[in-house]
1. Can you name every residue in the stretch 367-379 that is more than 16 Å from the chain's Cα centre (by Cα) and either surrounded by 13 or more Cβ atoms within 10 Å (Cβ to Cβ) or at pLDDT 95 or above (or both)?
2. Read through the list (1) at pLDDT 95 or above; (2) out of contact with any helix residue (DSSP H, G or I) (no Cβ under 6 Å at 6 or more places or on another chain), then give the number of the only condition that residue 136 fails.
3. Please state which one of 527, 491, 472 is in contact (Cβ under 8 Å) with a residue 12 or more places away in the chain, crowded, with 21+ Cβ neighbours inside 10 Å and either in contact with a helix residue (DSSP H, G or I) (Cβ under 7 Å, 6 or more places away or on another chain) or part of a helix (DSSP H, G or I) (or both).
4. Being in contact with a helix residue (DSSP H, G or I) (Cβ under 8 Å, 6 or more places away or on another chain), within 28 Å of residue 60 (Cα to Cα) and assigned to a strand (DSSP E or B) is the filter here, so list the residues in the stretch 226-238 that pass it.
5. Mind listing whichever residues of the stretch 560-589 are at pLDDT below 80 and closer than 28 Å to residue 463 by Cβ?
6. Name the residue that is nearest to residue 575 (Cα to Cα), counting only residues in the stretch 494-516 that are touching a residue at least 60 places away in the same chain (Cβ under 8 Å) and in a helix (DSSP H, G or I).
7. Looking only at the stretch 69-88, which residues are under 29 Å from residue 291 (Cβ atoms) and either assigned by TED's automatic domain parsing to the domain that holds residue 341 or in contact (Cβ under 8 Å) with a residue 12 or more places away in the chain (or both)?
């Protein structure tokens, strides 16, 4: 039932030109956010040739028409954006418009304290209900504070605007003039994705656990992540904004919000951008609640939900972990939004994760977005002290608590291969890493570690990740080495080696994957993973024979890991045309000899023979083919 205005309120309903005629020269005008911007009022505002002069326009996110940034209106309007979008970017870049770098959480306070005074608020709302309340609909964010602090409020009331729950209601008594307009709410269609973006999104998804509460920031990568979470359970959403991308998760009961501590059972947001499908879903739906930005983005509120995960994009990130999000050097590009505050809240959440995700290169592939140093003039949105996970299409790096040297090696592995050597040379120039740090140029077709990652569950034990050894694993290899017994080290290195300094360890961590293979079993989450076993093969001079070596920590032996290594390495070698294998063992290493004999007797190896020379046992065998049932049993790609 629509509200029937009393006589005193009827005078508020007027035409756009009549309502806008109350704007005076010099007034500061707030315009509603994103898809909720009042398009009819904006159109008439731009047509008021003689009634507006030297007016400042405040706006967070602008989509579609933005006539006030055109050159012919330069004397009438000065646009001030809190987040730069495509349609105003050139105006900001050429100096016709302003940009105010500020967190969305702080804007309501700036309005209240009159540090950013608002004279006029132009908003779009739902129709009044029978009690005189109207909903701000899809944009509560800073719009509610603008209404509360503006001297003059003009509302474009639209029956197509969804009525939303939470803190979205205002009363008609808070409105000075109302303009009726029945029109579809503006839709936001995400830009077309790319294989590069999809790979980044897939990698991000591997970090999101069941029961996590999620924030997806603005950008192609965050918008692509939800489709890769369809096998998760009991996810929640507490996000500055939501888009259509979350609807499938909600409709399939993957997002239930059941594990949240605050706002249990409800999806929380400040505004949304989407299509009619999303607008229909949120309309009068108590499972969606919209609140002001200073509440949604409050780090204290954010941190109350355990396993809070934020996924934000970046324009550039340097080798030490500094993130530029609103500018490419001096070129202002987007804005701060709520990313920083949500990031801080997730850092304080029990089991929380903060993820920065970006493609490794610019769209045309000519520039690396992982750089030795940020472009001159770039603003640092996330400092190197607050960084945790960084994700590109080439993998995942965990930087929190890592030295600059460790960060450099991990970040180089996230860069596109054609930029890695240059990045390493820059890191050496800056003194970030060892001057003798070696580098093996990987084949372009190899995307490590995730494409070659497999999972194996130890007998009576936990599941481990099996993946190729990377340059950044050097310190993990050293830790593994020092955790071994003297006997294990002797069996692996054929001598009583006591130390594994950098000059030796880096040779084990830098594998020439175009020819050889080195893998390790990693136990625990990426943030604290440890190596519990390694395996290598080296292709010999005839290109048909590979030497294999295995080493498993004493604590994890007799759990099937060595056999798994052997099958993994054998298959990878066969893919490269190897059919003969050889391994050297210390005399008396009965466990290894038993493993290899068992492997031969299984029918996987043929023509096995044993040679003895001094204290060394040499085993030879052939594997002309790898049975299909073994391939299916042992090779389990993360993404199929």
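1. Residues satisfying the conditions are 367, 368, 371, 372, 373, 374, 375, 378, 379.
2. If we test residue 136 against (1) at pLDDT 95 or above; (2) out of contact with any helix residue (DSSP H, G or I) (no Cβ under 6 Å at 6 or more places or on another chain), just (2) comes out false.
3. On the way: 527 fails: crowded, with 21+ Cβ neighbours inside 10 Å; 491 fails: crowded, with 21+ Cβ neighbours inside 10 Å.
Only one candidate qualifies: 472.
4. Within the stretch 226-238, 237, 238 qualify.
5. Initial filter on the stretch 560-589 (at pLDDT below 80): 584-589.
Of everything in the stretch 560-589, just one residue is at pLDDT below 80 and closer than 28 Å to residue 463 by Cβ, namely 589.
6. Filtering first and then ranking leaves 507.
7. Initial filter on the stretch 69-88 (under 29 Å from residue 291 (Cβ atoms)): 79-88.
79, 80, 81, 82, 83, 84, 85, 87, 88, listed by residue number.
Okay, residues lined up against (1) without any contact (Cβ under 8 Å) to a residue 12 or more places away in the chain; (2) part of a loop (DSSP other than H, G, I, E, B); (3) under 30 Å from residue 344 (Cβ atoms):
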{"residue": "91", "(1), (2), (3)": "no, no, no"}
{"residue": "98", "(1), (2), (3)": "no, no, yes"}
{"residue": "101", "(1), (2), (3)": "no, yes, yes"}
{"residue": "107", "(1), (2), (3)": "no, no, yes"}
{"residue": "110", "(1), (2), (3)": "yes, no, yes"}
{"residue": "114", "(1), (2), (3)": "no, yes, yes"}
{"residue": "118", "(1), (2), (3)": "no, yes, yes"}
{"residue": "122", "(1), (2), (3)": "no, no, no"}
{"residue": "131", "(1), (2), (3)": "no, yes, no"}
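The values are calculated or read from the model by the stated rules, or taken from the named source; none is laboratory data. What you see is a predicted model; the values in this text were computed from it and never measured. In this analysis, Cβ positions are derived from the backbone assuming ideal geometry, glycine residues included, and neighbour counts consider all displayed protein chains.
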